[in-house]
Amino acid sequence: MGSTGFAVLAEGLAKRYGHTAALAGFDLAVPEGTVCGLLGPNGAGKTTAVRIMATLVRPDGGRVAVAGFDVVERAEEVRFRIGLTGQESAVDEILSGRQNLVMFGRLFHLGARAARRRADELLERFDLTEAAGRSVKHYSGGMRRRLDLAASLILAPRVLFLDEPTTGLDPRGRNEVWAAVRSLVAGGTTVLLTTQYLDEADQLCGQIAVIDRGRVIAEGSPDELKSRIGGDRIDVVLRDGAALPAAAGIIGRICAAEVEVDTDTRRISAPVRERMSTLGAVLSELDGARIVAEDVALRRPTLDEVFLRLTGHHAVEVPA
Ligand SMILES: Nc1ncnc2c1ncn2[C@@H]1O[C@H](COP(=O)(O)OP(=O)(O)O)[C@@H](O)[C@H]1O
Ligand SMILES: [Mg+2]
């Protein structure tokens, strides 16, 4: 890789489509061997950034080096070193999983035997060996995405771009794809993935860049980001509204924070630092005070709450 130590180094990227500024001063530095999540709502500019980094679109301004090479000046060098799984699947429905991977291998100029060998390795790695001979149209969503991932890894890229790898998948499919991404990262590939889900970025990424309206508005590890935005919250719903003041006192003391009380729904909400110990303490102290909780939940802030705290506005979707 290049001498910079960065798999991706973007400075001031700009891209306009007519009157829309898809990117407006986009900066990002992704160290080699890490997983970076680009988190943002629909229309934020994620796909545009990925397509520029993958040499598919030219920026109007700014510059970006991938694997040490400028994506405009040295596009060929970049292409040899990257893989891309786009938002839309690139695999052929009619062909089997194995046929798809062999075809991609041939497109990348592997010989017939090498292409077959690579296909089998990747099928094994993504737990698709059993389904390898079946037509892709019979695959589940999770299996298709794993096949997409496999297809982008034919040439063992140094840097892999995954554009919303789990959008549209059910929880099981998401888990399968997450496991596949983790195994890649363990092999040393640098991954830049885009997502609309805070929990996905939290699960997979060492570093998160929050993107809004074409620029990065916050950056850090999941923990840093969560502490900036107030982290997780506990919600407690009481059976009896008369106990709200007493319960609010208990929860406020345990969480060492200001609580929000909604008398209509009899709900108390507070930020938590240590999820499980806070939950345990709240339950046992409420019980000790003979206050009955109808419902208790720990929850992560939603992307919308993150945006609200970081930007003061909701994560509005920019119409496509
Ligand atoms: N090829 C295109 N032509 C016109 N507008 C585009 C094109 N690609 C993206 N845009 C616009 O640029 C903005 C950013 O889009 P995109 O990068 O796809 O965001 P995201 O991937 O975060 O949803 C949106 O307003 C989108 O409508
Ligand atoms: Mg997109």
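Values as computed for the structure displayed
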| read-out | value |
| --- | --- |
| Of residues in the stretch 76-95 being assigned to a helix (DSSP H, G or I) and free of Cβ contacts under 8 Å to residues at least 12 places away in the same chain, the one surrounded by the fewest Cβ atoms within 10 Å (Cβ to Cβ) | E76 |
| Flag for R63 being within 16 Å of ligand 1 (Cβ to nearest atom), under 25 Å from I211 (Cα atoms) and at pLDDT 95 or above | no |
| Residue tally, condition more than 16 Å from ligand 2 (Cβ to nearest atom) and surrounded by fewer than 22 Cβ atoms within 10 Å (Cβ to Cβ), over the stretch 1-27 | 16 |
| Members of the stretch 39-56 found to be more than 8 Å from ligand 1 (Cβ to nearest atom) and within 20 Å of S221 (Cβ to Cβ), listed by number | L39 |
| Residue in the stretch 55-75 that is more than 16 Å from ligand 2 (Cβ to nearest atom), without any contact (Cβ under 8 Å) to a residue 40 or more places away in the chain and touching a helix residue (DSSP H, G or I) at 6+ places or on another chain (Cβ under 6 Å) present | yes |
| Top-ranked residue of the stretch 252-272 - restricted to ones that are among the basic types (K, R) and not in a strand (DSSP E or B), ranked as nearest to I291 (Cα to Cα) | R266 |
| Residue that is nearest to ligand 2 (Cβ to nearest atom) [pool: residues in the stretch 28-50 that are part of a strand (DSSP E or B) and in contact with a Leu (Cβ under 7 Å, 6 or more places away or on another chain)] | L38 |
| Within the stretch 273-303, tally of residues that are among the hydrophobic types (A, V, I, L, M, F, W, C) and part of a strand (DSSP E or B) | 4 |
| Inter-residue pairs, beta-carbon under 9 Å, first loosely packed, with under 12 Cβ neighbours inside 10 Å and in the stretch 256-268, second modelled with pLDDT under 95, 6+ apart | A256/R273; E258/A270; E258/P271 |
| L149 vs. criteria in a helix (DSSP H, G or I) and surrounded by 18 or more Cβ atoms within 10 Å (Cβ to Cβ) | yes |
| Meets criteria (touching a helix residue (DSSP H, G or I) at 6+ places or on another chain (Cβ under 7 Å) and within 16 Å of ligand 1 (Cβ to nearest atom)) for L23 | yes |
| Residue list for the stretch 106-157, filter: modelled with pLDDT under 95 and in contact with an Asp or Glu (Cβ under 7 Å, 6 or more places away or on another chain) | G141, G142, R146 |
| All helices (runs of 4 or more DSSP H) inside the stretch 166-239 with 1 or more residues being over 28 Å from E274 (Cα atoms) | 171-186 |
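The values are calculated or read from the model by the stated rules, or taken from the named source; none is laboratory data. Worth saying up front: this structure is predicted, and the values here are computed from it rather than measured. Please note: Cβ atoms are built from the backbone with ideal geometry, for glycine as well, and neighbour counts cover all protein chains shown.
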